[in-house]
Amino acid sequence: MSAQPHLLTELVQFAERGPRGLAELAERFLLEVPLQRAESLKRPAEAATPGSRSTTSFEHLDLLDLPRLRATGDGRVFFLSAGAVAGRGADCQVRLDVDSEALSKQHARFDVAGAAWSLTDLGSKNGTFVDRRQVRGKGSEPLSSFAVVQLGDVRLVFLEPEDLHAILAPVQPAAETTVRALRVELEGLGSRRFLVRYGSGHFLLIDPHGKERDRRKAEVFLPTQAHVLAGDGPYVIGRSRSCEITIKARMVSKQHARVVRQPGRSGWWLEELGSKFGTEVNGERLAAGRPIRLMEWDGFTLGQRAARGQFLDPRGLLEYLSEEAEGR
């Protein structure tokens, strides 16, 4: 398997055959997030000898907080197989930035046991991290879909074939994704490509655990589900699996509300469908059959706050995801 990366655009033809087409290329994938170089940091913890090829030690938190580069080209993807070693060395199966001062020659190894993938640090100078958790000593850290891996000043996203297919395939109206996946997609694609991909749609972010947070007196909005509103709809929201947007919360009715286009009117409208526990927009309860137009950043609740939601355009989503990343 080639140690060299492939461009995202080169993989589109394989994604047209579904996740299976991508699975024929590799078991798993690593999507690179282009970062500023570690040399941009003002104070390395330990300077390398001038002219040497040794790795420089940096503060871990400085590396984890390196910002993404702007105006980058096409995204790069590495093919991954069990036991692959990542680093800057010529013998690595995943050969990363050979000029990096923060990356070790053999930095980390991707292992698999059964269907479970994990990441092991190989004694690197600047550490190995999964979702900002450091892999300690000779231990390993499990890898799940969209896990963010950091090796020195190289940031990568661990993807299954289904995950990469979701990024490459055309956007499907009302299809469910996660806020985590959108955040990783934004980091991998960059804001410009992200806006091009989703520029014609709107988003519903859903927190299906609103009632549980109320019991804990937690007012924070922590959405996990995300749905793209594209085309004309309508999209029914409810507990039933037959709904275009399914929310598994007990006080949400089987067919609770729907998001629709109104003939001769612009925008998206939220309509209550006669649910038992009601629908509110910005604290105002909706009457059944009397839809209200959703405006950017409008918040809504279903079933006496059993679930909470927010309506965003692509730029609003970009702002939300960026603020969320800054507050992590």
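Details
- Total lysine pairs under 27 Å (Cα atoms) in the chain, excluding pairs fewer than 8 apart on one chain: 13
- Here the alpha carbons of the chain define both size measures, Rg and Dmax, at 22.4, 73 Å.
- Between Ala116 and Asp99, the contour length at 0.36 nm per residue exceeds the alpha carbon distance by 2.9 nm.
- Cut-off under 5 Å, modelled amide H: who pairs with Ser100 long-range: none
- Phi-based couplings in Hz for region 9-18 (Karplus 6.51, -1.76, 1.60; Gly and Pro marked x): 5, 6, 9, 4, 4, 6, 5, 5, 8, x
- Given charges at beta-carbon only (K, R positive; D, E negative), |dipole| of region 241-328 in Debye: 600
- Built amide H within the under 5 Å cut-off of Ala147, gap 5+: Phe158
- Counting all C-alpha pairs of region 157-209, share separated by more than 17 Å (%): 35
- Under the simplified labelling scheme, the Glu39-Arg192 pair shows an inter-label distance of 2.3 nm, with each label point 7 Å from Cα along Cα→Cβ.
- Estimated dipole of the chain in Debye, rounded to 20 [Cβ of Lys and Arg +1, of Asp and Glu -1, Cα centre]: 900
- In units of the rule-of-thumb radius 2.2 N^0.38 Å, region 237-301 shows an alpha carbon radius of gyration of 1.07.
- Rounded FRET efficiency, nearest 0.05, which uses the C-beta distance separating Arg315 from Asp131 and R0 of 25 Å: 0.40
- Cα convex hull of region 98-201 - mean projected area over all directions, nm²: 7.9
- Principal axis dimensions, largest first and in whole angstrom, of region 93-156 by Cα: 34, 22, 22
- Here region 115-189 and region 248-314 have alpha carbon centers that stand 34 Å from each other.
- Segment Asp232-Ala288, length gained on full extension (0.36 nm per residue, minus Cα span): 18.1 nm
- Here the simple spin-label model places points 7 Å from the Cα toward Cβ, and for Ser240 and Asp298 these points are separated by 2.4 nm.
- Only DSSP H runs of four or more residues enter the estimate; each adds -39500 (n - 2.57), and after division by the residues of the chain the mean residue ellipticity at 222 nm equals -4500 deg cm²/dmol.
- Point-to-point label distance, Ala90-Arg261, nm (Cα→Cβ direction, 7 Å offset): 5.9
- The chain: relative contact order in percent, alpha carbon pairs under 8 Å with at least 6 residues between: 13
No value in this document is a laboratory result; all are computed from the given coordinates. Given the structure is predicted, the values throughout are model-derived calculations rather than measurements. A quick note on method: Cβ atoms are made from the backbone with ideal geometry, for glycine too, and the neighbour counts reach across all protein chains shown.
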